[in-house]
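The values are calculated or read from the model by the stated rules, or taken from the named source; none is laboratory data. In this text the structure is predicted, and so the values were computed from the model without any measurement. Here Cβ is always computed from backbone atoms with ideal geometry, including for glycine, and neighbour counts include all displayed protein chains.
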Amino acid sequence: MMSSEKHSPEDIALSLTLAIVRSSPAPLLLLDGQLNIIAASTSFCSVFSVDAAQLTGQPLYALDGGTWDNPELRSLLAATLSGEGQPADRDIDLQQPQRPVRHLIVQASRLTYLDLEQTRILVAISDVTHARTDATLKEESARANQVLLQEVRHRVANSLQIIASVLLHNARTTASEETRGHLENAHHRVMSVAALERLLSTSEDGDINVHAYFTRLCESISASMIGDVDQIALIVEGGEGVVEARVSVSLGLIVTELVINALKYAFPDGRRGVITVDYNFHGPNWVLCVRDDGVGMPLTAPVRSGLGTSIVAALAGQLHASVEITAAHPGTQVSITHSRIALVEGAPQAVREPAAGAHPASSAIKS
């Protein structure tokens, strides 16, 4: 049986407001202008283990023995009462007696309605304690995995250097010139990967500084293949930049092949010269050049095709890059070019995928 008692519109509006606040699935508090609690949602009472009946009329800062008297919360509510715009959320650490610290995100809004003389503040609270704990555990796990990965890479680099030393020793003791050449080539390729793993073991995020990597790589090649640095110089040029580790592996192997090729064929009969490794970024594009000032490519003699040609072509293909060989006057330049084209200025850039067979590696690259 419904009551016939008449209610004023103000009572009905207040009753509806309190019903909405109390039934909210999120922790909510409705405060008056003196920051006393008018109503609390059932969710708030459940999350913070308080009795709704005891909250009504209680000052917010006296809640739970004064644990809600927080400087950040006072700052938020003072800014809300001033009515000058919507204040930013506040991160608040709630320290309750004999309980772990709870991390809260608190929002407050001054309600605008017809009775402007009655100030009402709606406070919404989100408990992010578990989320932040999970995030902290994930960060700690990621750091531990990074340390473990760096240690593994350090050990891999040491193992590769041992393998390279064995290869070089066997190359020096073999009587076969052909076998010696194959062993020396294998030694240089293993050393290039070892140099990368050494650099990765000191990199925190897995990205590789290209200039530093090529410098170390060329120092390794120079130490093992160039007896007199005054005779043949191996230098690294180009701007600073970083690439992903997987890309740097391919780039390092390409540099190794091209430098070894230049050392073999560009400077016959004790000729002096310079080999330059140059890597440059142009927005999303990059160009890797290895050039020498040696005798240049043969004009009439038949060119040789070998393992080096196949390696450079395959690696360039994996990077969606093209290979171009040009005369450097003097010497030869091999360019590995990766291009991405922006169709409209400021618009997202599209990757230009290479067509089948669009990675020509000239047979002038010998191995």
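Between a residue in segment 127-146 that is free of Cβ contacts under 8 Å to residues at least 60 places away in the same chain and any residue that is in a helix (DSSP H, G or I) and among the small types (Gly, Ala, Ser), which pairs come within a Cβ distance under 8 Å, given they are 6 or more apart or on different chains?
Going by the 8 Å Cβ cut-off, there are no qualifying pairs.
Out of the residues in segment 313-355 meeting the condition of being surrounded by 15 or more Cβ atoms within 10 Å (Cβ to Cβ) and over 30 Å from LYS264 (Cα atoms), tell me which one is modelled with the highest pLDDT.
The residue in question is SER339.
Can you tell me which residues in segment 82-120 are under 22 Å from ILE20 (Cα atoms) and over 39 Å from the mean Cα position of the chain (by Cα)?
Passing the criteria: ARG110, LEU111, THR112, TYR113, LEU114, ASP115, LEU116, GLU117, GLN118, THR119, ARG120.
Restricting to segment 32-54, what's the tally of residues that are among the hydrophobic types (A, V, I, L, M, F, W, C), part of a helix (DSSP H, G or I) and modelled with pLDDT under 85?
4
Inspect all residues belonging to segment 178-188 and state whether any of them is more than 28 Å from the chain's Cα centre (by Cα), among the β-branched types (Val, Ile, Thr), within 20 Å of ILE311 (Cβ to Cβ) and not assigned by TED's automatic domain parsing to the domain that holds ASP91.
Yes, some residue in segment 178-188 is more than 28 Å from the chain's Cα centre (by Cα), among the β-branched types (Val, Ile, Thr), within 20 Å of ILE311 (Cβ to Cβ) and not assigned by TED's automatic domain parsing to the domain that holds ASP91.
Could you tell me whether any residue of segment 252-268 is surrounded by fewer than 20 Cβ atoms within 10 Å (Cβ to Cβ), outside any helix (DSSP H, G or I) and not aliphatic (A, V, I, L, M)?
yes
Looking at LEU137, LEU116, can you tell me which residue is outside any strand (DSSP E or B), modelled with pLDDT under 80 and exposed (fewer than 13 other Cβ atoms within 10 Å of the Cβ)?
LEU116
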